[in-house]
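Every number in this text was worked out from the coordinates using simple rules, so none of it is lab data. Worth saying up front: this structure is predicted, and the values here are computed from it rather than measured. We place every Cβ from the backbone using ideal geometry, glycine too, and count neighbours over all the protein chains shown.
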Amino acid sequence: MSIPAEVWQRAARLFTAVTLAVICGYSAASWIGTDDQDVFRQAKSATAAAGITCTALQAPVIGHLALAGIENLVGTMIGGWLGFACFILGHEAQERYGSDTKMTQFLLRAGLAPFVGVLGVFAGWQMGMEISGKLVLLTYLLVNINNDDYEHAFEFTLSRICGIVVGVTCSHIAHLVVFPKSATKQALKQFGVALSSLLELNAEQAWGPDHLTIEAGGVQANGLSAPLLLPATSGGRGASAGEAQRGNFYGTINNSLNTCEALVRPARYEVLVGQKGPFSCFLPTWGQPCWPGSWQLPSTQLLQAAPALRRMARLLYALSLLLEDGILADGLARLERGAPEGSEGLPCAAPRHLAQLLQAALQDMASGFASHAAIPSGNLHTFLKAVPSTSSQPGFASVNPLQQAAHDMTDACSPAFQAVQVRWHAFQFLMEQLSSETAAMYNTMQDLVTELV
């Protein structure tokens, strides 16, 4: 059984971080020497704390590590010095009341641990740092419960805190040097995957269950090299295969956007300080740009663009379900063949032509996002003009081929005719919603691309 590359990368980072921590501990112990056994013991304890911290701080991306490192440092400082204060107070209380038993001293210090844990939980919630809340109690227990030497209490506390600080530092160095992975780049990558899947959903599934390869015609697709996969009016592919592929596209879009949104917060804790070709250097930060010339992920714009893309996917999914209906598909085929020449609006805009226009507009957005360039609006405006409200056109009912198809089937009062009308109105509504959401997505994508430049 082969080991995934991600596992090898995590192992390499951990090996590097722990090795650095051991080197730091050994250097400190060598400098201190073995003459003072108490101080030498604290150096060994600090090395152990550093190694434990390196193990606990394993993270998939730099931003996650920076966020966890900050929370570890905050929780360590609070818990460590709180434990030191409680140890001193416990010792003073023991001296004042004349109790010198080990159990009394243990009870005085350990009895406060539940209250410190509750305090850490509330403090972590208040600061938005859940890990810090846990580290408060953890460091308190390490410093307070295990310490029996009043003379070296300060050194005992300082060694634990220094060990954790060294562990955080070594983990950061390892993640920056060994297979560095950025939350910013991963967030943009996942958004790009969702955008590509939206293009495939529109081209292969949204406009009907059966498809035909058709050239884009006069549509300016702006770099779209492959011919568009657009629906034919009849075909033979099984519905189950179409449902599975449609579900895969829709699931990929949602999963990628969920991952992208989850990476936005850790991406705020890293900055881009240099880039050359495909290589880039991200460094951890405190949540704000603190390096000259640094750049951060435009999280606000990305969090606006992701829901817009998700709404577009939902509309295209609903459109594909509606166009699986055989009656509506037959009516749209008649609409495509029998619309009067020179009329404006949807009756003369064949569904396949609408699909081409929408695909070209989406391709413009995808190309602009990939190249970090301004998104042209020509194809978008062409699509928006092709999808007006058809019901408001004068004389539309008399030239509506779909309505004529229903009359050919049966009389106007029959349930079959009413079913066709319901489907047709649903199609009109989806077209209008698709038009407005495409415009909204264009605006959010333009804002995002502007910040990416």
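The table below gives the values:
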item	result
Per-residue HN-Hα couplings for the range 268-280 [Karplus 6.51, -1.76, 1.60; θ = phi - 60°; Hz; x = Gly/Pro]	5, 9, 9, 10, 8, 10, x, 8, 9, x, x, 9, 9
Placed amide H near Val271: partners under 5 Å, 5+ positions off or other chain	Leu283, Thr285
Positive dipole terminus of the range 5-177, leading residue within Val7, Ala123, Thr157 (C-beta point charges)	Val7
Net charge, Val121 excluded, C-beta distance under 14 Å - Lys, Arg +1, Asp, Glu -1	-1
Inter-centroid distance (Cα atoms) of the range 4-20 relative to the range 155-186, Å	13
J(HN,Hα) series, the range 260-265, from Karplus relation 6.51 cos²θ - 1.76 cosθ + 1.60, nearest Hz, glycine and proline x	4, 5, 5, 8, 5, 5
Integer Hz, Karplus 6.51/-1.76/1.60 couplings in order for the range 152-166, x for Gly and Pro	10, 4, 5, 4, 4, 5, 5, 5, 5, 5, 4, x, 5, 4, 5
Equivalent-ellipsoid semi-axes of the range 5-177, from the Cα gyration tensor, Å, largest first	31, 22, 10
